[in-house]
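What follows is a single structure, written as structure tokens, with notes after it.
The values are calculated or read from the model by the stated rules, or taken from the named source; none is laboratory data. Just so it is clear, the model here is predicted, and its values are computed rather than measured. Cβ placement follows ideal geometry from the backbone for every residue including glycine, while neighbour counts extend to all protein chains displayed.
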Amino acid sequence: MNLPGIQSKLPDVGTTIFTVMSQMALEYNAVNLGQGFPDFAMSEELISLVAKAMQDGHNQYVHMNGLPLLRNRLTEKAHRLYNTELDPETQITVTPGGTYAIYTALTTVLNPGDEVIVFEPAYDSYIPNIEINGAKPVLISLRFPDYSIPWDEVRKKINPRTRMIMINSPHNPTGAVLTEHDITELRSIVEGTNILILSDEVYEHLIYDGMPHLSILRYPDLLKRSFVCFSFGKTYHCTGWKLGYCISSPELMKEFRKVHQFNCFSCDSPKQVAIAEYILREDEYLNLGPFLQQKRDFFRELMQSTPFECIPSHGSYFECYSYGHFFNETDKELAVRLTREYGIATIPVSAFYKHGEDNKVLRFCFAKKEDTLTKAIQKLSGLQ
């Protein structure tokens, strides 16, 4: 039987670098510091709460917008952390993960010919999500090596087709964090325009060195034009749960839900019931930053025994290290060699650029047990 051909909506997209490097890690029995997931246990109490929710019969659909109790408690949390007033009925939607929330927000507002400003290196879903909606990603490289935003370049790229600016703090893959200067610049650029903002804040609690998380939720004038995306998986060490949420203005959220209702409609019920209870344990997310900063600092100390140079991270699961002073290989070549010959998997940062900009930097995930990190760096001894 002859099957009809299709025209690919993403002709330039292949398997993600995360899948490729994780598969290589399995093939060569390498320590996987590439993909961003913890290898330590999540809360036994939260697991028990999920089991109890199932045993108590919470196994059918919850409300399309998310369990009402969970949305109420997310509203309370946002008020405590960011002094913002939200309406749980009209401004919060629970989603199957942060990446889904990002895709849905983009699909809600983008039309063919629209332009979206994207800062590179960028989380790998951003550009395909824009392109599949017929819009154009306008790429701006963050300043190397501190990965700060060149706001003067942003101003040059703004035009009548600019529909959205995407920001990500703490940033994946670099761990950079937005400052008050960044917020001032962003506010200045969008004021008096119809430009929307998508703020990826899935690492909101993974922030270090006493720095504040400058969530868009802190700024009512910015929130009214923003979709702000979060992840329970990053907060509670359960990335495989694929559960998150989006916060926006009532007007934007109304349109977001029109797309959401015909896609997943409703998210995992027992996990929402469990998180609605567990979220009352404020220390579980308030202590997350110090907990992971200890791991980052431990990893930094280990890496001093290698020739890699640290590009400091102030948030996320990740820290980047440069190597151009001692190797001439491309970052992809080195990442493959480290996996095959030394048994440690990383991610080449050029994979986070559409056109493969290579500053000779690798990304390492330090959200691991200390013995995992120790084992990984021991494998780099004698690196040549």
Go through (1) closer than 24 Å to G36 by Cα; (2) touching a Pro at 6+ places or on another chain (Cβ under 7 Å); (3) free of Cβ contacts under 8 Å to residues at least 60 places away in the same chain and name the single condition S148 misses. (2)
Sole exception among (1) of a type in the set (A, V, I, L, M, F, W, C); (2) in contact with a Gly (Cβ under 7 Å, 6 or more places away or on another chain); (3) assigned to a loop (DSSP other than H, G, I, E, B) for A25, by number: (3)
Meets criteria (closer than 30 Å to N129 by Cβ, assigned by TED's automatic domain parsing to the domain that holds H79, out of contact with any Lys or Arg (no Cβ under 8 Å at 6 or more places or on another chain) and buried (at least 22 other Cβ atoms within 10 Å of the Cβ)) for K271: yes
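When you check S248 against the structure, is it surrounded by fewer than 15 Cβ atoms within 10 Å (Cβ to Cβ) and in contact with a Leu (Cβ under 9 Å, 6 or more places away or on another chain), yes or no? Working first, answer last.
On the way: surrounded by fewer than 15 Cβ atoms within 10 Å (Cβ to Cβ): no; in contact with a Leu (Cβ under 9 Å, 6 or more places away or on another chain): yes.
Taking the combined requirement at face value, the residue does not satisfy it.
Taking the options K254, K242, K258, K271, name whichever one is touching a residue at least 40 places away in the same chain (Cβ under 8 Å) and under 19 Å from the mean Cα position of the chain (by Cα). Outline the logic, then answer.
Working: K254 fails: under 19 Å from the mean Cα position of the chain (by Cα); K258 fails: under 19 Å from the mean Cα position of the chain (by Cα); K271 fails: under 19 Å from the mean Cα position of the chain (by Cα).
The unique qualifying residue is K242.
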Among the candidates D209, D146, which residue alone is closer than 27 Å to Y285 by Cβ, modelled with pLDDT of 95 or more, over 18 Å from the mean Cα position of the chain (by Cα) and outside any strand (DSSP E or B)? D209
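Inspect the range 229-246 for any residue being more than 25 Å from A41 (Cβ to Cβ) and part of a loop (DSSP other than H, G, I, E, B) and give the result as yes or no. Explain how you work it out, then say what you get.
Kept after step one, since they are more than 25 Å from A41 (Cβ to Cβ), are these residues of the range 229-246: 229, 246.
Checking which are part of a loop (DSSP other than H, G, I, E, B) leaves us with none.
No, the conditions are met nowhere in the range 229-246.
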Checking T90 against (1) buried (at least 19 other Cβ atoms within 10 Å of the Cβ); (2) of a type in the set (S, T, Y); (3) more than 20 Å from V349 (Cα to Cα), the condition it does not meet: (1)
In the range 105-116, anything crowded, with 23+ Cβ neighbours inside 10 Å and β-branched (V, I, T) is listed as V116
Which of the residues that make up the range 180-205 are in a loop (DSSP other than H, G, I, E, B) and over 24 Å from I127 (Cα atoms)? E191, G192, H205
Just to be sure I understand, how many residues within the range 56-73 are buried (at least 17 other Cβ atoms within 10 Å of the Cβ), touching a Pro at 6+ places or on another chain (Cβ under 7 Å) and part of a helix (DSSP H, G or I)? 1
Only one of these is buried (at least 20 other Cβ atoms within 10 Å of the Cβ), in contact with a helix residue (DSSP H, G or I) (Cβ under 9 Å, 6 or more places away or on another chain) and not in a loop (DSSP other than H, G, I, E, B): I47, I102. Name it. I102
Working only within the range 308-334, note down all residues that are loosely packed, with under 15 Cβ neighbours inside 10 Å and either part of a helix (DSSP H, G or I) or touching a residue at least 40 places away in the same chain (Cβ under 8 Å) (or both). E333
Collect the residues in the range 1-42 that are without any contact (Cβ under 8 Å) to a residue 40 or more places away in the chain and surrounded by 15 or more Cβ atoms within 10 Å (Cβ to Cβ), keeping them in residue-number order. V20
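Taking the conditions exactly as written (touching a residue at least 24 places away in the same chain (Cβ under 8 Å), assigned by TED's automatic domain parsing to the domain that holds C238 and β-branched (V, I, T)), does V50 satisfy them or not?
Working: touching a residue at least 24 places away in the same chain (Cβ under 8 Å): yes; assigned by TED's automatic domain parsing to the domain that holds C238: yes; β-branched (V, I, T): yes.
Criteria met by V50.
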In the range 325-342, is there at least one residue being in contact with a Leu (Cβ under 8 Å, 6 or more places away or on another chain), among the β-branched types (V, I, T) and either under 30 Å from K136 (Cα atoms) or not assigned by TED's automatic domain parsing to the domain that holds G66 (or both)? no
Hey, can you tell me all the residues within the range 212-222 that are surrounded by fewer than 24 Cβ atoms within 10 Å (Cβ to Cβ), out of contact with any Phe, Trp or Tyr (no Cβ under 6 Å at 6 or more places or on another chain) and not in a loop (DSSP other than H, G, I, E, B)? P220, D221, L222
